[in-house]
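The structure appears below as structure tokens.
Read-outs: derived from the displayed coordinates by stated rules, not from any lab. No experiment lies behind these values; they were computed from the predicted model shown. We place every Cβ from the backbone using ideal geometry, glycine too, and count neighbours over all the protein chains shown.
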Amino acid sequence: EAQVTQNPRYLITVTGKKLTVTCSQNMNHEYMSWYRQDPGLGLRQIYYSMNVEVTDKGDVPEGYKVSRKEKRNFPLILESPSPNQTSLYFCASSLKSGGLRTKNIQYFGAGTRLSVL
Amino acid sequence: AQSVTQLGSHVSVSEGALVLLRCNYSSSVPPYLFWYVQYPNQGLQLLLKYTTGATLVKGINGFEAEFKKSETSFHLTKPSAHMSDAAEYFCAVSIDTDKLIFGTGTRLQVFP
């Protein structure tokens, strides 16, 4: 079954304690992306990756890191979490468009709800 | 700047009534447009998309949307709401490479 798997689904942590949210896809997609979802703000892109070892900042990258060492995995790292990073996080993947605009469907994980105390 | 505006953060309808969720976009180039749905405690999944061709697009679960270039709109409709349609709906636009720009979402409530 084609899927994007995120772990953990729920996480409560304290300020400053490093954490990693894992994301894995089994569709051989080149493009992967992390979003955060906040009430009234919709989904905002944190980081994205066009392929292995190729990552770039999205719209709200401050306080986050990512890596793409393998095609299937795209972990999100919070080196020193702060309360303003309390949010619902989604990983997504798609085929790469190869040009301007994409008509490709993005496939989303089930989400990770993070609370930073 | 490119953007997506969803009018109405909450929409309530009775079961069997028409569903209309509004989406307007701003783009300097012809956009590709998407509607995604998020059911409780789940990730987003594609309802439908418009790229080129026929401006009336049919999606899953009886939803459809019409691309109107003159109005820069891509409103989502369903003739008869069902209780299972209760969810949050996101309009999104693709203008530049693989990036999607999402609207702020509309939560649909369906009353019996």
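Mean-square fluctuation check for chain B, GNM, Cα pairs under 10 Å: which of B:Leu76, B:Leu47, B:Leu100 is largest?
Checking each option, the largest mean-square fluctuation is seen for B:Leu100.
Using a Förster distance of 25 Å, how high is the FRET efficiency between B:Val29 and B:Ser9, based on the Cβ-Cβ distance and rounded to 0.05?
Numbers: r = 28 Å, r/R0 = 1.11.
It comes to 0.35.
With the contact rule set at Cα under 8 Å and sequence spacing of 6 or more, what percent relative contact order holds for chain B?
On the way: 276 pairs, mean separation 41.9, N = 112.
Computed value for chain B: 37 percent relative contact order.
Between A:Lys65 and B:Ile60, what is the spin-label point distance in nm, taking each point 7 Å from the Cα along the Cα→C-beta axis?
Rounded to a tenth, the inter-label distance reads 3.7 nm.
For chain A, what does the relative contact order come out to in percent, with C-alpha contacts under 8 Å and a separation of six or more? Could you put the intermediate results ahead of the total?
Working: 307 pairs, mean separation 41.1, N = 117.
Contact order relative to length: 35 percent.
Check each of the trypsin sites (Lys or Arg not before Pro) in the range A:1-37 and keep only those in coil by DSSP with at most 14 other C-beta atoms within 10 angstrom; list them in order.
A:Arg9, A:Lys17, A:Lys18
Among B:Gln109, B:Leu33, B:Gln45, pick out the residue whose Cα is farthest towards the positive end of the charge dipole of chain B, where Lys and Arg carry +1 and Asp and Glu carry -1 on C-beta, about the Cα centre.
Of the options given, the answer is B:Leu33.
Which value, in debye to the nearest 20, describes the size of the charge dipole of chain B about its Cα centre when Lys and Arg Cβ atoms bear +1, Asp and Glu Cβ atoms bear -1, and nothing else is charged?
Details: 8 positive and 8 negative charges, 23 e Å.
For chain B, the charge dipole is close to 120 debye.
How long is the gain from A:Lys96 to A:Thr15 if the chain were fully straight, where each residue apart is worth 0.36 nm and the alpha carbon distance is subtracted? Working shown, then result.
Values: separation 81, 0.36 × 81 = 29.16 nm, distance 3.59 nm.
Gain on stretching A:Lys96 to A:Thr15: 25.6 nm.
To make sure I understand the rule: partners must be aspartates and glutamates, Cα under 17 Å from the Cα of A:Lys57, and not fewer than 8 residues away in the same chain. Which ones qualify?
Candidates past the 8-residue exclusion: A:Glu30, A:Glu79, B:Asp96, B:Asp98.
With θ set to phi - 60°, apply the Karplus curve 6.51 cos²θ - 1.76 cosθ + 1.60 along the range B:18-27 and write out the HN-Hα couplings as whole Hz, x wherever there is a Gly or Pro.
Coupling constants for the range B:18-27: 5, 9, 9, 10, 9, 9, 10, 10, 10, 7 Hz.
Between B:Thr51 and B:His82, what is the label-point separation in nm under the 7 Å Cα-to-beta-carbon projection?
Inter-label distance under the simple model: 2.8 nm.
Pull up the cross-link candidates among the lysines for B:Lys68, meaning alpha carbon to alpha carbon under 28 Å and not fewer than 8 places away within one chain.
By straight Cα distance, B:Lys68 reaches A:Lys96, A:Lys103, B:Lys49, B:Lys58, B:Lys78, B:Lys99.
So what's the net charge close to A:His29: Lys and Arg +1, Asp and Glu -1, counting the other residues with Cβ under 9 Å from its Cβ? Can you show the working numbers first?
Numbers: positive: A:Lys71, A:Arg72, A:Lys96; negative: A:Glu30.
Net local charge, A:His29 excluded: +2.
Can you run phi through the Karplus equation (6.51, -1.76, 1.60; θ = phi - 60°) for the range A:19-26 and list ³J(HN,Hα) in whole Hz, with x for Gly and Pro?
9, 10, 10, 8, 9, 9, 10, 10
DSSP loop (so not H, G, I, E, B), at most 13 other Cβ within 10 Å: list which GluC sites (Glu not before Pro) in the range A:1-93 pass both filters. List each step's numbers first, then the result.
Values: sites: A:Glu1, A:Glu30, A:Glu53, A:Glu62, A:Glu70, A:Glu79; in loops: A:Glu1, A:Glu30, A:Glu53, A:Glu62, A:Glu70, A:Glu79.
For GluC sites (Glu not before Pro) across the range A:1-93 that sit outside H, G, I, E and B with at most 13 neighbouring Cβ atoms in 10 Å, the list reads A:Glu1, A:Glu53, A:Glu62, A:Glu70, A:Glu79.
Just flag the GluC sites (Glu not before Pro) in the range B:46-84 sitting in loop per DSSP whose Cβ has no more than 14 other Cβ atoms within 10 Å. Spell out each step's value before the answer.
Values: sites: B:Glu64, B:Glu66, B:Glu71; in loops: B:Glu71.
When the GluC sites (Glu not before Pro) of the range B:46-84 are filtered for loop state and at most 14 Cβ neighbours within 10 Å, B:Glu71 remain.
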